[in-house]
Amino acid sequence: MITKLHIRNFRSVKSADLELGKITVLTGANNSGKSSFIYSTLALKNIINNPNQSIDNFLTLPFINLGGFEQAVFNKNKESNIGLGATIKDNEWEITYDIRFNPQSSLITLLINEPIQQGYDIEVAFPYAVNKYKQMDVLVDGKNVQLAWNGFTASIQEVTPILLHYLAPFQLPINAFSEVDFVPIRRGFTKPYFGNVPLQSQISAEEEIATLLAIDRELSSKVAHYLEKIVNRSFSVYHTPGTANFYLQTRDKDTGFTSELVNEGLGTNQLVTILAKILQSKNKFICIDEPEIHLHPTIIDKLVSVLIEIAEQEDKQFLVSTHSEHFISSLLTSVVKKEIKSENVKVYYLSYH
């Protein structure tokens, strides 16, 4: 679980440490920094997934290009370092992982907070070939054991169960950020039918999401289950016999009327995208930009209930950016009703200074 985000000199944020819950909500005026927290998470994922690329590529996200280092650094101060990091906790270990970078040199730091306290750092330059390992000592049962760490993965010469166990904290950043995804504000389906397309590691285009729903029966079943809870409509994928085409359909539970998803209202249409992204099995930490758009307040209430249920039953985390006071009120009401524990909900009001 990602328990904190750490940001330094990134876009509009000079310095911030954001504690996270199962559901974390960011609200506030325009230009107050809500997007910066989400974008920082996705940029850090880019670095961890493939450090052997330029800094400008780290800041190119699937749905938006933030420009290069000079455009993204706080106040456009080229002398500063952008710092992106996170605190990550599993059943045994808690670590804080941080990358400070600029076009000249960069520093990666990993601090083990629990159950022992040790710190490691390595200087790198991006693009970074991950075959450059640094030898360092790890305290194992009172003895120093040497391991090799490149800032992203670690290895050890003498492989034993105990020593492999002590490699686990170095693997936490890769494991946690491989499970990060984003639901952008531009979402929904614009076509009556689709054909299968190749799936990228980061699924974002509507054709990819449609293909995922067509080939993953468990995912489409879960989407149907939760969509019915929110708008009283079932969801299905209909494959046209003798062709490679398929339709995304909904059916009104009261009247039985079936419609292509593209002919539904914008609210129901975009809900299918949200549900498909957050219910994808590999996604555990999902950023959602304004989930309330095109939704009536009664539907927002039901969406909040579904997000709570998915967070608890599917072991997911949500980082939500919203302007909707109703969304926040509904979430806090759920806390009062004990539908979700108060420690699992964080709400932040951001302001511009």
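The values are calculated or read from the model by the stated rules, or taken from the named source; none is laboratory data. A quick note: this is a predicted structure, and the numbers were derived from the prediction, not measured. Positions of Cβ are backbone-derived with ideal geometry, glycine not excepted, and every protein chain shown enters the neighbour counts. These area figures cover heavy atoms from the full protein model, side chains too; ligands, DNA and RNA do not enter into them. Shrake-Rupley method; radii C 1.70, N 1.55, O 1.52, S 1.80 Å.
Tabulated data for the structure shown
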read-out	value
Condition check for K229: more than 22 Å from T27 (Cβ to Cβ), basic (K, R) and modelled with pLDDT of 95 or more	yes
Selection within the stretch 291-301 - in contact (Cβ under 8 Å) with a residue 40 or more places away in the chain and buried (at least 19 other Cβ atoms within 10 Å of the Cβ)	P291
Elements of type helices (runs of 4 or more DSSP H) contained in the stretch 32-88, each with 2 or more residues being exposed (fewer than 15 other Cβ atoms within 10 Å of the Cβ)	69-72
Residues located in the stretch 89-102, provided they are touching a residue at least 60 places away in the same chain (Cβ under 8 Å), crowded, with 17+ Cβ neighbours inside 10 Å and in contact with a helix residue (DSSP H, G or I) (Cβ under 7 Å, 6 or more places away or on another chain)	W93, I95, Y97
Identity of the residue in the stretch 261-288, charged (D, E, K, R) and at pLDDT 95 or above, that ends up most open to solvent (accessible area, probe 1.4 Å)	K284
Residue in the stretch 253-260 that is more than 24 Å from K89 (Cβ to Cβ), modelled with pLDDT under 95 and of a type in the set (F, W, Y) present	yes
Filtered residues of the stretch 309-325 (kept if open to solvent by less than 10 Å² (accessible area, probe 1.4 Å) and touching a Lys or Arg at 6+ places or on another chain (Cβ under 8 Å))	I310, A311, K316, F318, S321
Test: residue in the stretch 326-349 that is over 30 Å from K14 (Cβ atoms) and within 17 Å of the chain's Cα centre (by Cα)	no
Which listed residue is in contact (Cβ under 8 Å) with a residue 24 or more places away in the chain and under 21 Å from the mean Cα position of the chain (by Cα), from L261, L199, L212, L227	L212
Some residue of the stretch 202-214 being over 30 Å from I300 (Cα atoms), at pLDDT 85 or above and of a type in the set (S, T, N, Q)	no
Residue check for A154: of a type in the set (A, V, I, L, M), open to solvent by 10 Å² or more (accessible area, probe 1.4 Å) and at pLDDT 95 or above	no
The lone exception for S305 - which of (1) crowded, with 16+ Cβ neighbours inside 10 Å; (2) touching a helix residue (DSSP H, G or I) at 6+ places or on another chain (Cβ under 6 Å); (3) more than 25 Å from A16 (Cβ to Cβ); (4) not charged (D, E, K, R) it fails	(2)
Failed criterion for K4 (all others in (1) within 22 Å of P184 (Cα to Cα); (2) at pLDDT 95 or above; (3) open to solvent by less than 50 Å² (accessible area, probe 1.4 Å); (4) not in a helix (DSSP H, G or I) hold)	(3)
Selection count where residues are more than 17 Å from I48 (Cα to Cα) and surrounded by fewer than 16 Cβ atoms within 10 Å (Cβ to Cβ), scope the stretch 104-117	5
Residue among T190, T211 that is hydroxyl-bearing (S, T, Y) and either crowded, with 18+ Cβ neighbours inside 10 Å or in contact with a Gly (Cβ under 8 Å, 6 or more places away or on another chain) (or both)	T211
Residue within the stretch 302-311 that is farther than 16 Å from V345 by Cα and modelled with pLDDT of 95 or more present	yes
Search result, residues across the stretch 17-31 that are in contact with a strand residue (DSSP E or B) (Cβ under 8 Å, 6 or more places away or on another chain) and either modelled with pLDDT of 95 or more or outside any strand (DSSP E or B) (or both)	D17, L18, E19, L20, G21, K22, I23, T24, V25, L26, T27, A29
Hey, K222 closer than 22 Å to S305 by Cα, open to solvent by 40 Å² or more (accessible area, probe 1.4 Å), in contact with a Lys or Arg (Cβ under 8 Å, 6 or more places away or on another chain) and among the basic types (K, R) or not	no
Given (1) in contact (Cβ under 8 Å) with a residue 40 or more places away in the chain; (2) acidic (D, E); (3) touching a helix residue (DSSP H, G or I) at 6+ places or on another chain (Cβ under 9 Å), number of the condition E343 does not satisfy	(3)
